[in-house]
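Just so it is clear, none of the values below were taken in a lab; they were calculated from the coordinates. Note that the structure is a prediction, hence the values are computed from the model and not measured. So basically every Cβ, Gly included, is an ideal-geometry build from the backbone, and we count neighbours across all protein chains shown.
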Amino acid sequence: MAHETGTADTGTARSRASLLNRLRHHHALEDRGHDNIVRLGQADRVWSDLYHHALTMRWSTFLLWSLGFYTVINVVFALLYMTAPGQIVGARAGHFSDFLFFSVQTLSTVGYGLLAPVGLRAHAIVSVELLAGMLLNAVATGLVFARFSRPRARVMFSNRALLRTDDGTTHLSVRMANRRLSPILSVDVEMFLARLVVQPNGRLARQFVPLVLVQSHIPVLRFAFPLLHVVDDTSPLRTLSAAELRMEDAEIIVTLTGTDEMSGQSVFARTAYGFDQVLHNHRFVDIIDAAPNGRITVDYTRFHATEDGS
């Protein structure tokens, strides 16, 4: 009986370890981008969400798709024009390039005057292509503008989180900075402790516990700013040991939202720290100095630098 119990416990431990590894692998994928994740049972239909895909795909992919679609539509209309022989003035019979360039001129509504339709079928095809050209030009202009104007926060976070004790008070600190010249207004920052915990039903699930910051709202973010969480009796870090945090694959997640002063658009940024990225008894090197002429100097080359604070 004891042997059977031991075998069952071993099987349960192996099952738990297998589930833990799968959850860790899934969580690791969250920060690698949506291109590396395969969703089974949830088809990603491009045509049903074309606008989103056009906005989020890489610029190189967007330009290749645009060039391909532009080429295909001109080839199709050139072939249609060739079915109406003699109805495109200036186009040589059997010369595909003449009909192709006539399609290019028609689609872009340029019309140099050297090539022109004269027959009923040619005029009908031209009418369809002109309508398609106006719609495509409007859509393309909107997409390119939306891609350029999409808000992006140029916020940098320190590559390490620091855990230090000063005058009997332990605090966790992270440094962030605005890399743009224009400030970010009304910045709200949240910090969470993400853990893999065992639920009452015996299954593992990721749990997010808030880590209260000393200052979570920043009216104006111009340069660098430290985020501090005091590890007091109310902090979940007070009762968890380093071994427990490693076992639960715990990490610190920081999210930021604000408003870009120049564009008036909302911007977002986030980062995460595993507990292998937490330094103990260190502090960040000061990067803000006052120059003799009264101007403020921010040395971003030392942004990630730390020093022994013991």
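Structure summary
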item	result
Fewest-first sequence of D167, D49 by Cβ atoms within 10 Å of each Cβ	D167, D49
Sorted by Cβ density within 10 Å, fewest first, the residues D289, D299, D98	D289, D299, D98
Loop trypsin sites (Lys or Arg not before Pro), region 99-160 (other Cβ atoms within 10 Å of the site Cβ: 14 or fewer; DSSP)	R152, R154
Net charge contributed by nearby residues that have their C-beta within less than 15 Å of G264 (K/R +1, D/E -1)	+1
Extension reserve of the R283-S66 stretch, reckoned as 0.36 nm per residue once the Cα distance is removed	73.1 nm
Alpha-carbon centroid distance for the pair region 74-90 / region 210-225, whole angstrom	64
Cut-off 10 Å between beta-carbons: net charge of the residues surrounding S216, Lys and Arg +1, Asp and Glu -1	-2
Within-12-Å neighbourhood charge of A78 [Cβ basis; K, R +1; D, E -1]	-2
Of the trypsin sites (Lys or Arg not before Pro) in region 220-310, those whose Cβ has at most 14 other Cβ within 10 Å and which sit in DSSP loop	R238, R295
Assigned charges on the beta-carbon of Lys, Arg, Asp, Glu; region 155-308 dipole about Cα centre (debye)	380
Loop chymotrypsin sites (Phe, Trp or Tyr not before Pro), region 53-157 (other Cβ atoms within 10 Å of the site Cβ: 16 or fewer; DSSP)	Y112
FRET E, pair T83, M262, Förster distance 51 Å, beta-carbon r, rounded to 0.05	0.45
